[in-house]
Structures are given as structure tokens and as C-alpha cells.
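Q: Below: one structure in C-alpha cells.
The values are calculated or read from the model by the stated rules, or taken from the named source; none is laboratory data. All figures in this text were calculated on a predicted structure; none of them were measured in a lab. Every residue, glycine as well, gets a Cβ built from its backbone with ideal geometry; the counts of neighbours run over all protein chains shown.
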Amino acid sequence: MIKQTIAEALYNASELLTENEITSVHLDAEVILSFIIKKPREYLYTHPEKILSTAQSTAYKKLISKRAKHFPVAYITGHKEFFGLDFLVNENVLIPRPETEFLVEQTITAARQAKNNITIADIGTGSGCVAVALAKNLPETKIFATDISKKALQLAKKNAGRRGVQVNFLRGHLLTPLKNKKIDIIVANLPYLPRDYKHDSIKFEPKIALYAANSGLSLYEKLFQQIARLKHQPKFILIEAGSIQIKSLVKIIKKNLPQAKVTVKKNPNNKQKIIFTEI
């Protein structure tokens, strides 16, 4: 293989990604090369003439080819930043989205409005990003996190350990593993895509973390049925969902919790919305 500099490698990678209609061409090329050479992105700008080793060039070409097929960068590097924290990710979990940071922000606000020594439950935790971010910002709060996936929970536990926070991870369907514990705040970002929804941006992510029956509403419907049967009702419930489902979800909430005060809060990008429920 012909030796190439950092600048040449980035140029060639950008060309290939552009040809394959990748939208974040330059960023992706830089992030993947930084991952290969184990240097920060700034290093690429200050050492453009640096010649890559044959092993580095080979590995870079392989990963750029993977990205050209729309394989997510986060799965390539095994990392994704969320709420200012670095999280491990793999193909067993949904990649954390910037939009979901709004869910964390609203939950922190609700927690600080509530009484001291509260307990929060993150339902469908996946990578653990929401639970860990909450634990990092609410160190005096007891946090539970549930998921049906054993592999997701294994990764979530690693993420909690890397961030040095205590989260009680439990395996099971929605609220089932909590065994009627007293929970003050329930937060959930459950699968809510209709089964007929398709898009290149999500085709490599686990279907169990994306899709739900009944036009994407079945898991939230089950969650609120469970909440209605709880011995100890939570003070606040915060969930994320798609804009087109908001009206249907509000009806589900009012059906199961007729006494609840329901508020819809717009995410800054206006794509996702948070349903804030106070009991």
C-alpha cells in the first residue's frame, strides 16, 4: 500500500463518504481517523503531513468503507458523547441522541423541585445514558434502571462504573423488576417507532430498542397500565416520544391516570417532545 499522510487519508475518506451520500463527511472522517491513531481531532490539523503506518492506513480504509455503507460512527468507535459524558455503545443498544438530553434536563429540574431523598427509575435504560447522567448530576438521589435486554444491562453497568456512579440495574419488562418499590420519578425513553418506519440512519440499531406495536404506542400503553396499578404512585413521570404520537399518548395517560396533570414540553429542535405528567 502506498504511504499516505493524514491530510491525504482524510481527503480520500471524504471523497468516498461524499459519493455514498453521508451527510457528516468531514466530521466522520476525522472522528474515525482519530480513533485509529489514538489522537484527538486537533492533532489531525496540527500534523497533516504525518505519514500513517501501513497498519493504520489499512484499518482506516476498512472502517471508512464500513461508514460508507451507513454503519454508525458510534458503533465503529464504540463511543458516543451524551450530556457531556463519554459512553460505551455497541450494537446491542440504541445510540444516545442529543435530543434525549432534553429529557435528562427536565428530569433533573423535576428532581430538584421534589422533596429530598427521592428515588428515580429509568425504564428501558439501554446503554444507561439517561440513568448515569442523572446519577452524575443528582448524586444524593437513588436511581434504579430497568431493561429487558441482558446485553444492554451489561453495557449499562460498565458505563456506570466508568463514570463512578451508583445505579441499581434490574432486568425485566418495564416496571416489573421494581416489585412495587416506592418511586418518586419515572423517566422513560421507550421504543416508539411504528413497525413500518424505515430509515437508513437506524437500520443497524437493535429493532427491540426502536419499534413497538400499535403504531409505536404499545410499550407506553403497558407502562401507564403498570403505573396505574402501583401501590405508591410516582410524583412525576417524564417520557420522550415522536411528535405525531403526542395526542394519542396524552389520551393513554388520562385513561390510566385520570387525576394526572399532563404537560407537553417541546424539545428545542421541535422534533421530539417530552410529556411531563404530575400526579
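Q: Would you mind finding the one in Asn168, Asn117, Asn90 that is surrounded by fewer than 18 Cβ atoms within 10 Å (Cβ to Cβ), modelled with pLDDT under 95 and of a type outside the set (D, E, K, R)? Walk me through it before giving the result.
A: Values: Asn168 fails: modelled with pLDDT under 95; Asn90 fails: modelled with pLDDT under 95.
Answer to the selection: Asn117.
Q: Does Leu217 fit the bill of being over 16 Å from the mean Cα position of the chain (by Cα), within 24 Å of Gln113 (Cβ to Cβ) and touching a residue at least 24 places away in the same chain (Cβ under 8 Å)?
A: Details: over 16 Å from the mean Cα position of the chain (by Cα): yes; within 24 Å of Gln113 (Cβ to Cβ): no; touching a residue at least 24 places away in the same chain (Cβ under 8 Å): yes.
So Leu217 fails the test.
Q: I need the full set of residues from the stretch 181-212 which are of a type in the set (Asp, Glu) and crowded, with 20+ Cβ neighbours inside 10 Å, in order please.
A: The first filter runs over the stretch 181-212 and keeps only residues of a type in the set (Asp, Glu), leaving 184, 196, 200, 205.
Scanning the stretch 181-212 gives a single hit, Asp184.
Q: Restricting the search to the stretch 87-126, which residues are within 12 Å of the chain's Cα centre (by Cα) and either more than 22 Å from Ile148 (Cα to Cα) or of a type in the set (Lys, Arg) (or both)?
A: Of everything in the stretch 87-126, those that are within 12 Å of the chain's Cα centre (by Cα) and either more than 22 Å from Ile148 (Cα to Cα) or of a type in the set (Lys, Arg) (or both) turn out to be Arg97, Pro98, Glu99, Glu101, Phe102.
Q: Right, another one. Take the stretch 113-171 and flag every residue that is out of contact with any His (no Cβ under 9 Å at 6 or more places or on another chain), among the hydroxyl-bearing types (Ser, Thr, Tyr) and under 19 Å from Pro234 (Cβ atoms). Even if it seems obvious, please write down each step before you answer.
A: Our first condition is that a residue be out of contact with any His (no Cβ under 9 Å at 6 or more places or on another chain); within the stretch 113-171, this holds for 113-145, 147, 149-171.
Filter once more, so that each one left must be among the hydroxyl-bearing types (Ser, Thr, Tyr): 119, 125, 127, 141, 149.
Selection gives Thr119, Thr125, Thr141.
Q: Only one of these conditions is not met by Lys62: (1) closer than 24 Å to Ala209 by Cα; (2) part of a helix (DSSP H, G or I); (3) among the charged types (D, E, K, R). Which number is it?
A: Single failed check for Lys62: (1).
Q: Return the only residue of Thr54, Thr23, Thr18 being loosely packed, with under 14 Cβ neighbours inside 10 Å and either small (Gly, Ala, Ser) or under 27 Å from the mean Cα position of the chain (by Cα) (or both).
A: On the way: Thr54 fails: either small (Gly, Ala, Ser) or under 27 Å from the mean Cα position of the chain (by Cα) (or both); Thr18 fails: loosely packed, with under 14 Cβ neighbours inside 10 Å.
Every option except Thr23 fails the conditions.
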